[in-house]
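The values are calculated or read from the model by the stated rules, or taken from the named source; none is laboratory data. Treat the numbers as computed from the prediction; the structure is a model and nothing was measured. Because the Cβ atoms are built from the backbone with ideal geometry, glycine has one as well, and the counts that use them run over all protein chains shown.
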Amino acid sequence: MLIQPTNSSISKHPAYNYQKTNYMQNSYVPVFTGHARTEKVFKKGIKQLINQTAFNRNPQTKDFVCDYIHKYFGNKDTIKIVSGGCSTGEEAVTYSMKLYDSRKKVEILGIDLGKKAIESAKSRRYVFEIPSKRVRVLDFFDTIEVSPFSDSYLVSDSPKGLNANEKMFKALFNEFFEPTYEKIKTPLIERLQNMYIRRTGAEPLEVERIACKLKDGMAENCHFVQGDIQDIDKILNGEKVDVISFSNALYHLTTQTYPGGFRIPKDNSESIVESLMIKFKNCLNENGLVVFGENEELQMLDDKTVPKVMKKLCFTPLNKTDKHDANVWKVVK
């Protein structure tokens with residue numbers, strides 16, 4: 001049963017109706033299907049990070065960005081990418097894998113507030129989890145059945161129903177990662193305890209954990225540093241980059257979480273976005289890109305703030321995803 005907000009003023013907030021109608025009307029299911037670890041932090045109002053990540057997450061966007069690099073950065077000897085809110089490094093490594101044959105030098109910097117997340121990213125070791133069965137979860141206003149492990153097919157001996165993109169990425173994964181895996185059967189504990197997914201029922205569920213690591217020499221162009229994306233100018237120390245990805249993470253800065261996982265935008269959410277985007281703009285080379293997640297407005301609970309700010313700061317939208325407005329923007333200086 002869904003726990004409704006207890007504060008009557010929250011239930012009257014416009015974002016509440018926006019959240020409810022969007023989740024009920026959209027034909028897709030906005031449940032994150034990847035790794036969902038948590039880490040406590042205390043920084044500028046953030047008390048807990050939900051390290052939601054996966055290899056090749058938002059593949060449509062990743063491919064668009066890589067194609068853009070090939071087409072329009074042809075005169076550059078080195079391509080520099082920042083993965084903001086990088087969690088345990090899956091996005092950074094994904095870009096390294098996809099750009100491996102680009103015949104360009106690619107440097108990727110991952111930035112995350114979480115100390116444990118960065119330590120894990122530096123270890124070059126990743127753990128995949130394969131559930132013994134599909135999981136029934138409560139996604140705000142509906143109970144659905146999903147598999148919460150979107151990249152577990154990468155370590156499966158006989159994955160089923162893969163699309164062309166997944167088949168290509170699995171082959172690439174096998175080139176980058178050690179073929180021997182450490183398999184451990186273990187109960188699933190607090191795996192889905194985050195604001196998007198809630199376990200229903202108390203039945204035990206086992207997962208098969210498969211640990212693997214990057215081969216020597218692979219993805220060595222990925223570097224990771226603990227830091228606040230809002231300090232990106234200080235972290236880069238005057239260095240310019242070509243791509244800044246801050247996918248599915250703006251809500252950490254722009255929304256306030258209430259008991260039950262309900263969120264509403266902060267009163268100054270627009271100024272927070274604008275301040276961050278000004279820093280992004282100052283850190284980007286000419287024609288550089290800012291990349292957001294494909295479901296950003298669902299997390300922000302607002303589909304107007306980001307486009308408004310980006311256009312105000314002279315960013316140009318480059319793409320339109322299947323169900324949402326542009327999430328890749330080019331800086332115009």
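Structure above, values below:
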item: Residue check for residue 306: more than 18 Å from the chain's Cα centre (by Cα) and at pLDDT below 95; result: no
item: Residue 208 vs. criteria at pLDDT below 90, part of a strand (DSSP E or B) and charged (D, E, K, R); result: yes
item: Tally of residues being in contact (Cβ under 8 Å) with a residue 60 or more places away in the chain and under 19 Å from the mean Cα position of the chain (by Cα) across the range 280-296; result: 5
item: Options 86, 66: the member that is assigned to a loop (DSSP other than H, G, I, E, B), touching a Phe, Trp or Tyr at 6+ places or on another chain (Cβ under 8 Å) and either over 25 Å from residue 208 (Cβ atoms) or not assigned by TED's automatic domain parsing to the domain that holds residue 222 (or both); result: 86
item: Pairs with Cβ under 6 Å, 6+ apart, first in the range 100-113 and more than 13 Å from residue 235 (Cα to Cα), second surrounded by fewer than 16 Cβ atoms within 10 Å (Cβ to Cβ); result: 105/78
item: Yes/no for residue 327 being touching a Phe, Trp or Tyr at 6+ places or on another chain (Cβ under 9 Å), modelled with pLDDT of 90 or more and at positive phi; result: no
item: Boolean, residue 102 is at pLDDT below 85 and part of a loop (DSSP other than H, G, I, E, B); result: yes
item: Pair list, Cβ < 6 Å and 6+ apart or interchain, from the range 164-175 residues that are within 17 Å of residue 101 (Cα to Cα) to residues that are at pLDDT below 95 and assigned to a helix (DSSP H, G or I); result: 165/59; 170/154; 173/154
item: Options 170, 122; residue that is in contact with a helix residue (DSSP H, G or I) (Cβ under 6 Å, 6 or more places away or on another chain) and either modelled with pLDDT under 60 or among the charged types (D, E, K, R) (or both); result: 170
